Amino acid sequence: MFDLAVAGGGPAGLAAALAARQRGLTAAVADPGQPPIDKACGEGLLPDSLAALRALGVDPPPSAGFPFAGIRFLSRDAHVDARFPQGPGLGIRRTILHQMMADRAAQAGVKLLWRRRVTGLSSRGLILGDREIPARWIAGADGQNSRVRNWAGLESTGRVQPRFGFRLHYLIEPWTDFMEVYWCDGAQIYVAPVAHNEVCVVALSRNPHLRLEAVLPRLPALHARLKNAPTSSAERGAISIVRRIPRVASSRVALIGDASGSVDAVTGFGLGLAFRHAHSLAGALYRGRPDDYNTAHRRLMRRPALMSSLLLTLDRIPLLRRRVLNAFREHPNLFETMLSMHVGEISAATFTRDALLPLGWRLLTAR
Ligand SMILES: Cc1cc2nc3c(=O)[nH]c(=O)nc-3n(C[C@H](O)[C@H](O)[C@H](O)COP(=O)(O)OP(=O)(O)OC[C@H]3O[C@@H](n4cnc5c(N)ncnc54)[C@H](O)[C@@H]3O)c2cc1C
């Protein structure tokens with residue numbers, strides 16, 4: 001009998017098991033894959049995501065990836081950038097991160113059941129084909145299309161807004177220590193340095209057929225940089241979804257990571273959110289009060305949901321985007337304040353007072 005049995009051994013599932021072990025709870029994880037599991041991702045860990053990962057006992061050295069100092073937005077007419085107030089984030093290949101987390105989980109005494117798919121829930125625990133894993137609590141960490149969510153009756157409400165991402169790695173020395181977000185009509189590209197000789201490039205759009213090679217020519221300077229660089233991975237696609245789940249825990253089953261709801265990929269929040277969910281869930285289970293996780297989860301989703309809708313609005317309305325980027329260029333402190341809110345250094349109220357209201361005023365009075 002385990003205290004916690006986790007369906008899904010991606011970053012969220014491993015984080016849930018690690019946080020449970022830190023509280024002295026026993027934990028098992030089952031996943032049909034085996035480390036290192038790859039997935040299309042922008043591969044940028046924001047500074048607060050990195051801190052939440054370190055608090056789980058996984059501390060990637062800078063040499064495991066490439067530290068980045070801040071975020072740069074680039075469009076045809078303007079570019080703006082700002083540094084993180086609390087030190088760098090880390091670009092890191094998804095496979096390296098997953099292997100580090102899986103190794104740490106093995107060391108911490110998590111029972112790891114790789115190449116085993118969860119096929120159902122029973123009154124005693126998780127069902128894996130002909131085998132049962134008995135557990136007091138179950139965590140569904142089985143990603144966007146969570147079956148556990150469905151089995152436990154914790155389904156989402158409202159609209160799901162998909163965008164489609166395609167990722168490719170290029171062997172090229174990073175030309176900057178910023179993570180770059182390029183805006184063009186109909187798509188976005190973001191570039192994260194992930195090693196001293198490699199960058200990860202993701203194209204995101206609402207068109208499921210718009211691959212990276214079709215978006216790159218819309219950004220001539222980036223296209224020219226990458227044209228002769230060899231690729232170092234196969235192109236992979238993934239869907240980015242904005243999904244809100246009102247209730248993420250029942251008395252026995254809790255959802256975590258993308259299974260528990262998600263914000264748009266361009267925010268770079270997904271991994272950090274999963275790590276923070278893990279800390280909150282373990283605390284709630286340790287206290288024997290799984291319902292506390294519902295409250296904590298709602299609080300954790302607030303800032304990412306706000307940033308996600310702001311960034312998606314800029315994506316949808318090119319005229320607004322041009323004006324906002326121009327305002328950021330003329331008043332760099334507004335962009336710095338937005339980034340501080342993004343990485344959790346200031347509250348939403350301070351952000352509204354110091355950036356959103358002045359920005360709104362500048363947009364209204366701009367000629
Ligand atoms: C294009 C794109 C770019 C992104 N860029 C970033 C970024 O730069 N920074 C960031 O922080 N986040 C980013 N994200 C978000 C991030 O990738 C996700 O939030 C993160 O992968 C969520 O982890 P997870 O463990 O919840 O889900 P997943 O990584 O999807 O893992 C789910 C796991 O569950 C397993 N599973 C599925 N079904 C079963 C089953 N029946 N039984 C057992 N196991 C099962 C799967 O095999 C998988 O290993 C991006 C997302 C996209 C789509």
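All of the numbers you see were taken from the coordinates with simple rules; none came from a lab. What you see is a predicted model, and the numbers here were worked out from it, not measured in a lab. A quick note on method: Cβ atoms are made from the backbone with ideal geometry, for glycine too, and the neighbour counts reach across all protein chains shown.
Label separation (S123 vs T352): 4.8 nm, computed from points 7 Å beyond Cα along the C-beta direction.
Among I71, I37, the ranking by other beta carbons within 10 Å of each residue's beta carbon, starting with the fewest, stands as I37, I71.
Using R₀ = 45 Å, calculate the FRET efficiency as 1/(1 + (r/R₀)^6) where r is the Cβ-Cβ separation of R252 and R83; round to 0.05. Before the final figure, lay out the partial values.
Values: r = 45 Å, r/R0 = 0.99.
Computed FRET efficiency for R252 and R83: 0.50.
As a footprinting exposure proxy, order T176, T26 by other Cβ within 10 Å, with the fewest listed first. Intermediate values should be presented prior to the final figure.
Numbers: T176 14, T26 17.
Ranking T176, T26 by Cβ neighbours within 10 Å, fewest first, gives T176, T26.
Is it possible to state the helix-based mean residue ellipticity at 222 nm for the chain, with each DSSP H run of 4+ residues giving -39500 (n - 2.57), the sum divided by total residues, to the nearest 500 deg cm²/dmol? What is it? The partial results should precede the final answer.
Working: 12 runs with 130 residues, N = 367.
After summing the helix terms and dividing by the residues of the chain, the value is -10500 deg cm²/dmol.
Measuring r between the beta carbons of I239 and R115 and using R0 = 22 Å, the FRET efficiency lands at 0.35. Under the criterion of Cα pairs below 8 Å and six or more residues apart, the relative contact order for the chain equals 22 percent.
Taken about its Cα centre, region 317-365 carries a charge dipole of about 300 debye when Lys and Arg each add +1 at the Cβ and Asp and Glu each add -1 at the Cβ. Converting phi to 3J(HN,Hα) with the Karplus coefficients 6.51, -1.76 and 1.60 and the offset θ = phi - 60°, region 238-250 yields 7, 9, 9, 10, 9, 9, 10, 10, x, 10, 10, 9, 10 Hz in sequence order, with x at every glycine or proline. Modelled spin-label separation between R287 and R23, with each label point placed 7 Å from Cα along the Cα-to-Cβ direction: 0.9 nm. Protection proxy ranking, highest mean first, for peptides 220-230, 3-13: 3-13, 220-230, where packing is the per-residue count of other beta-carbon atoms within 10 Å, averaged. Binning the alpha carbon pair distances of region 317-365 at 5 angstrom intervals from zero yields the distribution 5, 23, 31, 24, 14, 3, expressed in whole percent. From least to most packed, judged by other beta carbons within 10 angstrom and beginning with the fewest, S309, S146 follow the order S309, S146.
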